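First the structure, in the form of structure tokens, and then the observations on it.
The values are calculated or read from the model by the stated rules, or taken from the named source; none is laboratory data. This is a predicted model, so every value here is computed, not measured. Ideal geometry is used to build each Cβ from the backbone, glycine not excepted, and the neighbour counts take in all protein chains shown. Each accessible area value is taken on the protein alone, full model and side chains, heavy atoms only, with ligands, DNA and RNA left out. Shrake-Rupley method; radii C 1.70, N 1.55, O 1.52, S 1.80 Å.
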Amino acid sequence: YLRLKKLLQESKLFYKDFDTKDRFKEKIKRNPYSILVAEINKLFIGVLFIIEDGWTSFLVRLVIKKEYRSKGVGRELIKEGETILKKKGYKGISIFVDGNNKKLVSYHQKGGYQIRDRNQFFMFKKI
């Protein structure tokens, strides 16, 4: 948990309200392939989360340590996520991207993803 937390914190994608140790354990218990991790010598260098419910699927929160970017780590994680979801019968995958990050949008377009809606926002409510 601590290695995953550190990686997410470094990328400013750690959300203390729902990235707790217990929540990650529950996520993995429900779906062992829902968190994909790339590691070298026990150092987490990348992570990708899969969300799927039988109706739709998402790849979210792709994080790669800065020094390992542009080395194919992200592509491999995405490829593995796509393979897992294809084996489960999904015909398409959605991915959330910060529309203001043109480099990231271009990265995913090169991987075959298309922009579907420019007006989507990620919203959250604590309950």
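Some points to look at:
- The chain: relative contact order as a whole-number percent, Cα under 8 Å and 6+ apart: 18
- For I35, distant residues with modelled amide H under 5 Å away: I50
- Projecting label points 7 angstrom from Cα along Cα→Cβ for E39 and K103 puts them 2.8 nm apart.
- Spin-label model, K66 to D19: label points 7 Å out along the Cα-to-beta-carbon direction sit 1.6 nm apart.
- For the chain, the share of accessible area belonging to carbon and sulfur comes to 52 percent (1.4 Å probe, ligands and nucleic acids excluded).
- Measuring nothing but alpha carbons in the chain and taking Rh as the Kirkwood radius, the Rg to Rh ratio lands at 0.93.
- Within straight-line cross-link reach of K110, lysines at Cα separation under 17 Å, skipping those fewer than 8 residues along the same chain: K71, K79, K102
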